[in-house]
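To keep things clear, I will list the structure first and then write my remarks on it.
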């Protein structure tokens, strides 16, 4: 392949990986019935779908799962907001429904701009997603059924949680699953892993960064949780997969060490970046959040 064609192909692959990964397509029916009972305990649950408008003007599709009958109707429930990865959507949160709701904890999930059924063309791996999260937090805090709020994010969602928590300390806690420490570092690691020659790497990264700025309007160097997690003090549980080659565990380890709060836990999981998390691991994290 000629030099220019090879360079252009590498740049295209990189910027697509960063801001336009495959978009998860699904229908509302995939979320399940609006009212249902959990098997084994008979708890009645209700799903309330809503739409909020982000600061950039995008419609964000959201769902709130609330237990019914555990408390008086006028009593609020603690709420966990789940945030998906860069190629995910709110369906990622569904395995948490039968874990959280029997404990009297509601679950909110939403599609970031550029993902799932929400509007938008590109993602920003945490940069604009923090504003999407702020919009959702402000909305659900106005609901009488919602009490204290905690965060749960995976990959891009985990980075969003860390960036948000560094500026907002009024949360109950958070779970961050496989966050990266610094976006330029991650992109360089991914480029090297794809066997781009070292003599070509610097130029490709520079051009890819320019394309990201042109198309998605953010600078990659501005997405760097490692530079701000020292200002985050919420109780936090870090999860990472030992065989993760996309975001290696070293990213979580660095973030854990730099984290400002003393109430923090690191748990290494079996699997890779996109491996479905085991029920016992999710229950462990939920127990930490609820204590």
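Some notes on this structure:
- The label-point distance for residue 9 and residue 243, in a model that sets each label 7 Å from Cα toward Cβ, rounds to 2.9 nm.
- The C-alpha atoms of the chain define a longest principal axis, and helix 249-258 lies at about 70 degrees to it.
- Using the Cβ-Cβ distance between residue 281 and residue 23 with R0 = 22 Å, the FRET efficiency computed as 1/(1 + (r/R0)^6) comes to roughly 0.20.
- Net lengthening on full extension, residue 172/residue 134 (0.36 nm per residue, minus Cα-Cα): 12.2 nm
- For residue 265 and residue 103, a Förster radius of 30 Å and the Cβ-Cβ distance give a FRET efficiency of 0.95, rounded to the nearest 0.05.
- Correct option for Rg/Rh (Cα atoms, Kirkwood Rh) [calculated from the coordinates] among (1) 0.98; (2) 0.96; (3) 1.02: (1)
- Ordering 142, 68 by the number of other Cβ atoms within 10 Å of each residue's own Cβ, fewest first, gives 142, 68.
- Computed from Cα atoms, the angle from the helix 129-140 axis to the main principal axis of the chain rounds to 10 degrees.
- Cα-based shape type of region 54-172, given that a ≥ b ≥ c are square roots of the gyration tensor eigenvalues and the cut on a/c is 1.5: prolate
- 11 Å cut-off, amide nitrogen to a point 7 angstrom out along residue 228 Cα→Cβ, residues in region 119-156: 126-131
- Residue-span extension gain [residue 290 to residue 51] - 0.36 nm each, minus C-alpha spacing: 83.3 nm
- Gain in span if fully extended, residue 141 to residue 94, counting 0.36 nm per residue against the direct Cα distance: 14.8 nm
- Restricting attention to the chain, close to 40% of DSSP beta bridges with both partner residues there are antiparallel.
- Shape call, region 164-253: gyration tensor on alpha carbons, a/c limit 1.5: oblate
- Degrees between helix 3-19 axis and first principal axis of the chain (Cα, 0 to 90, nearest 10): 20
- Computed [θ] at 222 nm, deg cm²/dmol, the chain (DSSP H ≥ 4; -39,500 (n - 2.57); rounded to nearest 500): -10000 deg cm²/dmol
Read-outs: derived from the displayed coordinates by stated rules, not from any lab. None of the values given here were measured: they were computed from a predicted structure. Because the Cβ atoms are built from the backbone with ideal geometry, glycine has one as well, and the counts that use them run over all protein chains shown.
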